[in-house]
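Peer 1: Take this structure first; my questions come after.
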Amino acid sequence: MFEMNRAAGTVNQGNDARLQNAMRRASVGGKLTIGFLGGSITQGSLSSTPQTCYAYLVYSWWKENFPMADVSYVNAGIGATTSQFGAARVGEDLLSYKPDVVFLEFSVNDGSNAHFLETYEGLVRRVLSDEAAPAVVLIYNVCYDNGASAQLMHAKVGRHYDLPGISMQSSIYPELLAGRMENRAITPDDLHPNDAGHELVASVITCYLEAVRERMEASGGQNRAVCESHSSAYVGNADVTVPANGLPAPLTANTYEHSIRYNNKNGIPVDVEGFAKDTREQNGITDIFKNGWEASAQGAHIVFSLEGTGVSVQFRRSVNQPAPVAEILVDDDPATRTILDANFDETWGDKLELLTVTEHMSEGTHRIEVRLIETHADDAVPFYLNAILMAD
């Protein structure tokens, strides 16, 4: 393990009442579910085994420090995805397991802009308001070559809801800048950690958890009433006005808190020609090109009538080329026309693309049409429509 100031990673200590509550229950042998939602780093990309990624190592810390507890692990990381998709899938992919502690990690996937400030806030609010009342810890990863991260935007959300914020930009990255650590010792591509890098990320997170555990043990029975009731009430920033039964007013327009993913399991087209439903069984959440529709003929179209104030679309961009090109149109408005080019000029594999078509529309039902506008005789793959995402 590299010698470094791990505590420097705690950029916001946050209100740890929910976290202490979980630790108290774990210390007396309770059941605990530790959940993770994020991108490829959370999924464990470039770790040599699933057990050497940072998420599993943090889960192992809980098992080692609370040996009497029955601790379960849910890793809902999906590579190359953002908090926009996370907000739409967190209910099914993570909250359905009733986690007691949730770690959120999207800072190298989200852009540092107002759009992702809103999607990230929607995700955070969705988790905080869940009936299981999980403790929430925000993880801010970083690009190790240039320091890029959405931490600036994500930390605004963290401070507003008084949540713990754990930063690799403030802990690991300075070690690289100072020359005390070599990039290639912890990452082969300046983004995804290797085993040593995952261990280092985990150590920054567990440094914070160790401090919370010490505070929990030092406080004795002071929080026992909270522990016994497992209260779902929001516990946050004392400087923010909070309604008696809810979260503080949002920072943004907050149209993503209740966003919904419509695929062929819950989305019924009102008109379809040339698109076929994919009926293959999905093998876990990282088996991403399932539950959609595919088409190969120019002019094929599929139409949905869905409620919401924003429309996003997910489709496959393929390294196998040529591939078809489609367009999407909302309410027959030319201003919403968005090209969906399935050709992907990368080498690392097919990408689950997510494009925002329009947002902050008037409330109500909207007509959404996807139509193939360009095909080729030698297309290597059909066009694959994964889902339509509707903001609330």
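The values are calculated or read from the model by the stated rules, or taken from the named source; none is laboratory data. All figures in this text were calculated on a predicted structure; none of them were measured in a lab. Cβ atoms come from the backbone with ideal geometry, glycine included; neighbour counts cover every protein chain shown. Accessible surface areas use protein heavy atoms only, side chains included; no ligands, DNA or RNA. Shrake-Rupley method; radii C 1.70, N 1.55, O 1.52, S 1.80 Å.
Peer 1: Quick check on the stretch 340-392: of everything there that is among the small types (G, A, S) and surrounded by 20 or more Cβ atoms within 10 Å (Cβ to Cβ), which residue is nearest to E307 (Cα to Cα)?
Peer 2: Result: A391.
Peer 1: Further, regarding this structure: Which of the strands (runs of 3 or more DSSP E) found entirely inside the stretch 44-157 contain at least 2 residues meeting this: touching a residue at least 40 places away in the same chain (Cβ under 8 Å) and open to solvent by 20 Å² or more (accessible area, probe 1.4 Å)?
Peer 2: In the stretch 44-157, 70-77 are the strands (runs of 3 or more DSSP E) which contain 2 or more residues that are touching a residue at least 40 places away in the same chain (Cβ under 8 Å) and open to solvent by 20 Å² or more (accessible area, probe 1.4 Å).
Peer 1: Kindly indicate whether I166 is in contact with a strand residue (DSSP E or B) (Cβ under 9 Å, 6 or more places away or on another chain) and in a strand (DSSP E or B).
Peer 2: Taking the combined requirement at face value, the residue satisfies it.
Peer 1: Being open to solvent by 40 Å² or more (accessible area, probe 1.4 Å), touching a helix residue (DSSP H, G or I) at 6+ places or on another chain (Cβ under 6 Å) and modelled with pLDDT of 95 or more, is that true of even one residue in the stretch 269-288?
Peer 2: The answer is yes, given that some residue of the stretch 269-288 is open to solvent by 40 Å² or more (accessible area, probe 1.4 Å), touching a helix residue (DSSP H, G or I) at 6+ places or on another chain (Cβ under 6 Å) and modelled with pLDDT of 95 or more.
Peer 1: Quick check on R337: is it crowded, with 16+ Cβ neighbours inside 10 Å, assigned to a strand (DSSP E or B) and basic (K, R)?
Peer 2: The answer is no for R337.
Peer 1: Would a scan of the stretch 298-308 turn up a residue that is at pLDDT below 95, open to solvent by 60 Å² or more (accessible area, probe 1.4 Å) and more than 24 Å from T279 (Cα to Cα)?
Peer 2: no
Peer 1: Something else about it: Can you name the number of the only condition in (1) surrounded by fewer than 17 Cβ atoms within 10 Å (Cβ to Cβ); (2) closer than 29 Å to A17 by Cβ; (3) modelled with pLDDT of 95 or more that Q222 fails?
Peer 2: Against the list (1) surrounded by fewer than 17 Cβ atoms within 10 Å (Cβ to Cβ); (2) closer than 29 Å to A17 by Cβ; (3) modelled with pLDDT of 95 or more, Q222 comes up short only on (3).
Peer 1: Looking at the stretch 106-119, can you tell me whether even one residue there is touching a Leu at 6+ places or on another chain (Cβ under 7 Å) and under 30 Å from A185 (Cβ atoms)?
Peer 2: Within the stretch 106-119, one or more residues are touching a Leu at 6+ places or on another chain (Cβ under 7 Å) and under 30 Å from A185 (Cβ atoms).
Peer 1: Residue by residue through the stretch 290-330, note down the ones that are over 29 Å from the mean Cα position of the chain (by Cα), under 16 Å from P269 (Cβ atoms) and not small (G, A, S).
Peer 2: Within the stretch 290-330, H301 is the sole residue that qualifies.
Peer 1: Sort through V319, V311, V330 and tell me the only one that's crowded, with 18+ Cβ neighbours inside 10 Å, among the hydrophobic types (A, V, I, L, M, F, W, C) and without any contact (Cβ under 8 Å) to a residue 40 or more places away in the chain.
Peer 2: Going through V319, V311, V330 in turn, just one is crowded, with 18+ Cβ neighbours inside 10 Å, among the hydrophobic types (A, V, I, L, M, F, W, C) and without any contact (Cβ under 8 Å) to a residue 40 or more places away in the chain: V330.
Peer 1: Report the residue count in the stretch 11-46 for those that are more than 19 Å from the chain's Cα centre (by Cα) and of a type in the set (S, T, N, Q).
Peer 2: Qualifying residue count, the stretch 11-46: 6.
Peer 1: Going through the stretch 162-194 one residue at a time, which ones are under 17 Å from G14 (Cα atoms) and either among the small types (G, A, S) or touching a Lys or Arg at 6+ places or on another chain (Cβ under 8 Å) (or both)?
Peer 2: If the condition is that a residue be under 17 Å from G14 (Cα atoms) and either among the small types (G, A, S) or touching a Lys or Arg at 6+ places or on another chain (Cβ under 8 Å) (or both), then G165, S167, S170 are the ones that fit.
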